[in-house]
Amino acid sequence: MPVSAAVTAIGLVVMWSSGFIGAELGTREAAADTLLMWRFLVAAAVLGGAWALLRRRRPRPRAIAEQAVIGALSQGGYLGGIVWSVGLGVPSGTAALIAALQPLAAGALAGRLLGETVSPRQWAGLAIGLGGVALVVQGDLSTGPTAPAWAYGLPFAAMAALLTASFLERRVRAPLDPMDAIPLHCLVSAVLFTGVAVAGGHAAPPAGGGFWAAVAWTVLLSTVGGYGFYWLSLRRNGVTRTSALIYLTPPTTLVWAYAMFGDAPGWTAVAGMAVCVIGVVAATARRRPDRSARLAEDPVRDRTVRRVPAE
């Protein structure tokens, strides 16, 4: 049974937001590259095993090559850039705000690269959503910089990597079902992050159970759930609408943090949540075609037939 658009949108926002909580849980126990390495090693093993048990058909070489590039960008590039920047001292809210520029960039490029129409209403919704994100993270923006200047370029690179992967996925010549693509993405990311962790001397995991709980969290919720709903939404709803839902990630993360860590949001964050919702509704609501447009498409089907009563 196909997943409805509403379930896809809610699942994307909730599961994508869970990644930030999983990152906080994991980095309390180990270095970021250690967490990323074991997250994707476990994810590749679990999803690869499920793929083999289901006896999925082996993808063609062209599809494997295309999805390897997409996985390296969407998981390796995006997560690596965000986590590395925060580890260097960039406030997490600032990194989230920079990453939230993705919908505006997607809207600017979708029409030119993919032929997707971005209406003035959608542009207004994207701009409103960006304002809501700015309110949510203003506390982080008000703190003084603690990271080197070049580190602030990493969230931009992360955003660009995910956006590039989104566009590439829409243009692939041998598209794969998410059940085939996501295990391949995880395998590529496992190779990348294992190389980084080994080179940095951080490959050995800590012995505590808290680390493995964080790994399980990020594998099940963030990788399987987050990326599963992301690619499903991308194929169902297109780049512009899917990217607009990312605006709801920072406020939803605040709800996660309050429920799990007791971090109560301030009034500006609450106001930002409301603004984000307004912006996303404006950017993702589908416009109903008017009667003249329907007549232009099928004038016969829309014609009213008058019946003459029998005498």
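Brief remarks on what is shown
- Residues that are part of a helix (DSSP H, G or I), at pLDDT 75 or above, out of contact with any strand residue (DSSP E or B) (no Cβ under 7 Å at 6 or more places or on another chain) and under 15 Å from residue 122 (Cβ atoms) do occur in the stretch 282-299.
- Among residues of the stretch 41-91, those that are of a type in the set (D, E, K, R) and farther than 27 Å from residue 170 by Cβ, counted: 1
- Condition met for residue 219 (within 18 Å of residue 99 (Cα to Cα) and assigned to a helix (DSSP H, G or I)): no
- Residue check for residue 157: in a helix (DSSP H, G or I), over 19 Å from residue 223 (Cα atoms) and touching a Gly at 6+ places or on another chain (Cβ under 7 Å): yes
- Check on residue 60, more than 28 Å from residue 273 (Cβ to Cβ), of a type in the set (D, E, K, R) and at pLDDT below 85: no
Residues checked against (1) out of contact with any Leu (no Cβ under 8 Å at 6 or more places or on another chain); (2) surrounded by 23 or more Cβ atoms within 10 Å (Cβ to Cβ); (3) at pLDDT below 90; (4) not in a helix (DSSP H, G or I):
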residue: 1; (1), (2), (3), (4): yes, no, yes, yes
residue: 6; (1), (2), (3), (4): yes, no, yes, no
residue: 9; (1), (2), (3), (4): no, no, yes, no
residue: 22; (1), (2), (3), (4): no, yes, yes, no
residue: 25; (1), (2), (3), (4): yes, no, yes, no
residue: 34; (1), (2), (3), (4): yes, yes, no, no
residue: 39; (1), (2), (3), (4): yes, yes, no, no
residue: 42; (1), (2), (3), (4): yes, no, no, no
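- Meets criteria (touching a residue at least 40 places away in the same chain (Cβ under 8 Å) and outside any helix (DSSP H, G or I)) for residue 185: no
The values are calculated or read from the model by the stated rules, or taken from the named source; none is laboratory data. Because the structure is predicted, anything quoted here is derived from the model rather than measured. Methodologically, a virtual Cβ is constructed for each residue, glycine included, from the backbone with ideal geometry; neighbour enumeration extends over all protein chains shown.
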